[in-house]
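Here's the structure, in structure tokens; my notes come after.
The values are calculated or read from the model by the stated rules, or taken from the named source; none is laboratory data. No experiment lies behind these values; they were computed from the predicted model shown. Neighbour counts are summed over all protein chains in view; Cβ atoms, including those assigned to glycine, are modelled from backbone coordinates with ideal geometry.
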Amino acid sequence: MEIYMASFQENERRPRPSIIEMLNCGRCRLIVGDTRDGIVFMALLYPLNGTSFLLGDYLATMECHRNLGIGEAFLRYIFDEMKNMPFNHFLIQIENPHDGCDEMKNRRLNFYKRLGMKELTDVRHILPPLQGTETTDLTLMTNPRGDEQFQEGEIVRNLVIRMFGELYDRHEGDELLMRTLETIPKLVRLD
């Protein structure tokens, strides 16, 4: 859990018992990458029930092992494995790189774009505080099929509702969920 603690702020981290419970009941799968130095990469994979989306959550590489191709190798592996899974799209959440001038957020965005992922533009996804009270503005990204340039707004709304319900235990009427849903246009441009 060292990577998890070092890579994510407290308000973005799910309490450890919550992750263990999700792993034990099969709601998600933990993927780790290890070397002689120990575990250097982690990711949690959540199938979003009733959709063709697989959510990659808490993707992180130990800081001293970044820029060595570990994250890229993982994503290429997942994209290849998805050909044998009932999922057509991989979905991730990253801190909003358009909110201020943060070099790390921009590097993260560009990393995923280099691997073919695209932003779901104009969707303001608000991560509820998982610990504490501070929210985090996120950008959703996905790997479109072929030359896909848009995603239907209704599909994105369904994804957001499922993520809020399944991952954050927040349901219809929740203020943060409603604020996120209000930003979703009828057609979401993939950029």
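Of note:
- Any pair with Cβ under 7 angstrom, 6 or more apart, that starts in segment 115-142 at a residue that is closer than 18 Å to His89 by Cβ and buried (at least 16 other Cβ atoms within 10 Å of the Cβ) and ends at one that is basic (Lys, Arg) and at pLDDT 95 or above: Met141/Lys118; Thr142/Lys118
- Exactly one residue out of Asp37, Asp102 is modelled with pLDDT under 90, touching a His at 6+ places or on another chain (Cβ under 8 Å) and not small (Gly, Ala, Ser), and it is Asp37.
- Each residue in segment 161-191 was checked for being crowded, with 20+ Cβ neighbours inside 10 Å, part of a helix (DSSP H, G or I) and at pLDDT 95 or above, and 4 pass.
- Some residue of segment 88-104 being crowded, with 17+ Cβ neighbours inside 10 Å and among the acidic types (Asp, Glu): yes
To keep it simple, each residue is scored yes or no on (1) hydroxyl-bearing (Ser, Thr, Tyr); (2) touching a strand residue (DSSP E or B) at 6+ places or on another chain (Cβ under 8 Å); (3) more than 24 Å from Glu63 (Cα to Cα).
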residue	(1), (2), (3)
Pro97	no, yes, no
Asp102	no, yes, no
Thr121	yes, yes, yes
Glu134	no, no, yes
Asn143	no, yes, yes
Val156	no, yes, yes
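- Residue check for Phe111: touching a strand residue (DSSP E or B) at 6+ places or on another chain (Cβ under 8 Å) and aromatic (Phe, Trp, Tyr): no
- The residues in segment 19-46 that are in contact (Cβ under 8 Å) with a residue 40 or more places away in the chain and under 30 Å from Thr133 (Cβ atoms) can be counted, and the count is 2.
- Total residues in segment 1-42, condition β-branched (Val, Ile, Thr), within 15 Å of Asp57 (Cα to Cα), in contact with a strand residue (DSSP E or B) (Cβ under 6 Å, 6 or more places away or on another chain) and surrounded by 14 or more Cβ atoms within 10 Å (Cβ to Cβ): 2
- Count of residues meeting criterion [more than 23 Å from Phe111 (Cα to Cα) and either touching a helix residue (DSSP H, G or I) at 6+ places or on another chain (Cβ under 6 Å) or not in a helix (DSSP H, G or I) (or both)] in segment 143-156: 1
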